[in-house]
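Right, one structure below, let's go through it.
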Amino acid sequence: IDGAELRTWDESQLGRHIGYLAQEVELFPGSVSENIARFEAGADDAAIIEAARRAEAHELILSLRDGYQTMVAGTLSGGERQRIGLARAFYGNPRILVLDEPSTHLDGAGETALEAVLAAARAAGVTTIVITHRPSIAAACDRVMVLRGGVIEAFGPSAEVLRQPGAQRSTVVTGSFAPVIRASQTIRRG
C-alpha cells in the first residue's frame, strides 16, 4: 500500500487502509452511524456522512426513521444492510476496497448506485477488487480476472475478457487496479 509491502505495515494500522464488504453483511447492535464508523470512539460525524455519500447510501439513511441514529436491530432489509456495509467499507478513505458480491441484496436502483460508486472509486485512484458473477458490475471495472476451480482462465481489460465464451458463467474477480500488483508477482494460469 502506497509503495510499501503489506508485511512491513503494523497490523493495527493496516485496517484503516483497507475497506471490506462481505457478501453477507453483518451489522452489530448499535446505530447506523456507529456501524459505519466501526464503533470507533470519537468518530467524526462528517467522516461518517462522507463515507455514506461515497457509498451512495446517504439519502437511504436519511429516509430511515431516526436517520443515522437508527438502531439496526434486525429492522433493515438486505439491500439496506448491504448499502450501510458499503458505507462502512468507505469509512476512513481506504486505499484498497475489497467487495465480495456487493450487489447480492441490491435492487435495480441499488445496483445502479453501486456502478456509480465503483466509477467514483476508480476516478479517486482507489484500488478496488470486486468478486462478482454479475456482468454489469464486472463491466464497471478496468480489468477482469475469470476464475474456474481456483485457476485463472482469463485476465485483461473488462470489455475484452467479458466477450470470451463462458466468462459470464464463472467467478469473476474484477477491479480498478492501482500499482499495488507488481509485475514480479506470479499468477497461476490454467
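Taking loop as defined by DSSP and a crowding limit of 16 other beta carbons within 10 Å, which GluC sites (Glu not before Pro) in segment 1-93 fit? Display every interim value, and only then the final one.
Numbers: sites: GLU5, GLU11, GLU24, GLU26, GLU34, GLU40, GLU50, GLU56, GLU59, GLU80; in loops: GLU5, GLU24, GLU26, GLU40, GLU56.
Those that pass, being in a loop and sparsely packed, are GLU5, GLU24, GLU26, GLU40.
Can you work out the Karplus-derived ³J(HN,Hα) for every residue in segment 83-99? Use 6.51 cos²θ - 1.76 cosθ + 1.60 with θ = phi - 60°, whole Hz, and x for glycine or proline.
6, 5, x, 5, 4, 4, 4, 7, 4, x, 6, x, 8, 10, 10, 10, 10
Between GLU5 and ALA41, how high is the FRET efficiency from 1/(1 + (r/R0)^6) when r is the Cβ-Cβ distance and R₀ = 41 Å? Nearest 0.05.
Given R0 = 41 Å and the Cβ-Cβ separation, E is 0.85.
Given Cα pairs under 8 Å that are at least 6 residues apart, what percent is the relative contact order of segment 6-176?
22
Sorted from fewest to most neighbouring beta carbons within 10 Å, what does the list ILE137, ILE131, ILE36 look like?
Details: ILE137 22, ILE131 19, ILE36 28.
Final ranking by Cβ density, sparse to dense: ILE131, ILE137, ILE36.
Step through the residues of segment 10-20 one at a time and calculate ³J(HN,Hα) from phi using the Karplus curve (6.51 cos²θ - 1.76 cosθ + 1.60, θ = phi - 60°), rounding each to whole Hz and writing x for Gly and Pro.
Residue by residue, segment 10-20 yields 5, 4, 5, 8, 5, x, 6, 9, 10, x, 10 Hz.
Please list, ordered by chain and number, the residues whose modelled amide H lies under 5 Å from the amide H of ARG148; skip anything fewer than 5 residues away on the same chain.
Answer set, sorted by chain and number: GLU153.
For segment 6-176, what class follows from the C-alpha gyration tensor (a ≥ b ≥ c being the square roots of its eigenvalues): rounded when a/c is under 1.5, otherwise prolate if a/b is larger than b/c, else oblate?
Values: a/c = 2.13, a/b = 1.56, b/c = 1.37.
Verdict is prolate for segment 6-176.
Read-outs: derived from the displayed coordinates by stated rules, not from any lab. Since we're looking at a predicted model, the values are computed, not measured. So basically every Cβ, Gly included, is an ideal-geometry build from the backbone, and we count neighbours across all protein chains shown.
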